[in-house]
1. Going through region 35-64 one residue at a time, which ones are closer than 26 Å to residue 103 by Cα, modelled with pLDDT of 85 or more and touching a helix residue (DSSP H, G or I) at 6+ places or on another chain (Cβ under 8 Å)?
2. For region 65-76, which residues satisfy the criterion of being at pLDDT 85 or above and either hydrophobic (A, V, I, L, M, F, W, C) or touching a Phe, Trp or Tyr at 6+ places or on another chain (Cβ under 7 Å) (or both)?
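The values are calculated or read from the model by the stated rules, or taken from the named source; none is laboratory data. Every value quoted in this text rests on a predicted model; they were computed, and no experiment measured them. Note that each Cβ is placed from the backbone with ideal geometry, even for glycine, and that neighbours are counted across all protein chains shown.
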Amino acid sequence: MEQSLMFKMKIFLPVHICLIFVAIVCAQKCKRYYAPKKFIFSTATSAFQIEGGAREDGRGPAGVDIYYHNVPKTVAENDTADISCDSYHRYKEDVQLMKNLGV
């Protein structure tokens, strides 16, 4: 059994290293910013993931807010979306970032 594992390692390890090398070389040759002239870039988010402002301007808790507050260990470090990326307060910065990206 141990010899079989060693044989597999001797075969698969060099193959994987070669594949990683090929992937790196190909990635470097790709034109990252190439897109057809009529292609339109856009962005998307999920309000729950970025918005924050959980108790602002009369917003009440959504079902997912209640769930994350009442079911421990649902999310790493018991995080909630109460603040998130705080786009509720930082929306002007977000718009500027999109302008900088050209979308």
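1. Within region 35-64, 43, 45, 50, 51, 52, 53 qualify.
2. Filtering region 65-76 for residues at pLDDT 85 or above gives 65-71.
Answer for region 65-76, where residues must be at pLDDT 85 or above and either hydrophobic (A, V, I, L, M, F, W, C) or touching a Phe, Trp or Tyr at 6+ places or on another chain (Cβ under 7 Å) (or both): 66, 71.
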